[in-house]
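As structure tokens, the structure follows; a few thoughts come after it.
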Amino acid sequence: MSEQKSGSRRRKRVLSAEEKLVVYQQLLSGELSQRQAAERWDVDPTTIMRIRRVAREGALGALAQSRPGRRQAEEDAELAAARAEIERLSETVKEQAIELVVLRGKQRPGW
């Protein structure tokens, strides 16, 4: 990768999500220190610190929502809204069926 200097700072590479996961795994396993990871991946040390923080926060958030036996409030609200919509549409179909029967009865004397 080419490095460009602008003033006293050089432009570092941008890591993909997969690369960030590898960096985080290397840090967790003790394979690399933060400084070694920054050098190996050619990124600023603050990038490594940010990767650790974001990964930890993301993992904690995911684990908090995946408690056994606990349903997510968002899914419950979405399910309740879907059931209410099904009920509303069922009533609408019933009303339209009744109207259709009445209209057909007026148009056909034999009905």
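For the range 12-20, the criterion of being surrounded by 10 or more Cβ atoms within 10 Å (Cβ to Cβ), part of a helix (DSSP H, G or I), at pLDDT 85 or above and not β-branched (Val, Ile, Thr) is met by at least one residue. A Cβ distance below 9 Å, combined with a sequence gap of six or more or placement on separate chains, defines the contacts here; from the range 40-60, residues that are over 11 Å from residue 12 (Cα atoms) reach residues that are among the hydroxyl-bearing types (Ser, Thr, Tyr) in the pairs 51/24; 52/24; 54/24; 55/24; 56/24.
The values are calculated or read from the model by the stated rules, or taken from the named source; none is laboratory data. Bear in mind that the values here come from a model prediction, so they are computed numbers and not experimental data. All Cβ positions, even for glycine, are placed from backbone atoms using ideal geometry, and neighbour counts span all protein chains on display.
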